[in-house]
Amino acid sequence: MATSNGFSTIEPLSKGQDPLRWLQRFDAYAGWHEFTNDKKKLALLALMGSEMYGLLADAVLPDIPANKTFDELTLLLKAQLQPRRLAIAERYEFNKTRQSSSESVSDFVR
């Protein structure tokens with residue numbers, strides 16, 4: 001999407017999106033525009049959208065996101081948006097799998 005200043009942009013990160021994939025796209029965008037690390041941080045904060053900025057701002061309280069490095073911000077963002085899996089819940093899901101009558105053993109094992 002091109003804007004009036006000649007720069008293209010990407011859509012804001014939203015809660016339903018995979019943060020890792022969005023950050024990969026953002027890295028490509030920043031590389032294309034040859035951003036320095038400081039400009040990369042500012043572009044991240046500007047392009048992430050208000051909902052995600054609020055989430056990130058809450059995570060760094062009492063500080064503000066602009067005082068953090070780009071790497072610190074991406075680590076915080078990933079930690080906030082990637083749910084942690086509980087081993088017991090995963091084990092329960094695994095143990096409740098059953099082979100259907102029409103399914104071969106090799107298909108079930110896969």
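Read the figures in this text as sums done on the coordinates, not as results from a lab. Quick caveat: nothing in here was measured; it's all calculated off a predicted structure. Quick reminder, even Gly has a Cβ in these numbers, built from the backbone with ideal geometry, and neighbours come from all protein chains shown.
Take the Cβ-Cβ distance between ASN37 and ALA89 as r, set R0 to 30 Å, and report the resulting FRET efficiency rounded to the nearest 0.05. Present the calculation step by step, with values, prior to reporting the outcome.
Values: r = 38 Å, r/R0 = 1.27.
In this case the efficiency is close to 0.20.
Per the helix-only calculation at 222 nm, which mean residue ellipticity applies to the chain, given -39500 (n - 2.57) for every DSSP H run of n ≥ 4 and division by its residues, nearest 500 deg cm²/dmol?
Values: 6 runs with 61 residues, N = 110.
Calculated mean residue ellipticity at 222 nm is -16500 deg cm²/dmol.
Based on the Kirkwood radius over alpha-carbon pairs, what is the Stokes-Einstein translational diffusion coefficient of the stretch 19-85 at 10 °C with 1.306 mPa s viscosity, in µm²/s? Write down the numbers at each step before the final one.
Working: Rh = 12.2 Å.
The Stokes-Einstein estimate is 130 µm²/s.
Could I have the simple spin-label model distance between LYS96 and ILE10, label points 7 Å from Cα toward Cβ, reported in nm to one decimal?
Each label point lies 7 Å from its Cα, and together they span 3.6 nm.
For VAL105 and ALA66, calculate 0.36 nm times their separation in residues minus their Cα-Cα distance, and state this gained length in nm to one decimal. Numbers along the way, then the final one.
Values: separation 39, 0.36 × 39 = 14.04 nm, distance 5.51 nm.
Gain on stretching VAL105 to ALA66: 8.5 nm.
Taking Cα pairs under 8 Å and at least six residues apart, what relative contact order does the stretch 19-85 come out at, in percent?
Numbers: 32 pairs, mean separation 27.3, N = 67.
For the stretch 19-85, the relative contact order is 41 percent.
Report, to the nearest 10°, how far helix 19-32 tilts away from the longest principal axis of the Cα atoms in the chain, using its own Cα long axis and a range of 0 to 90°.
The answer is roughly 40 degrees.
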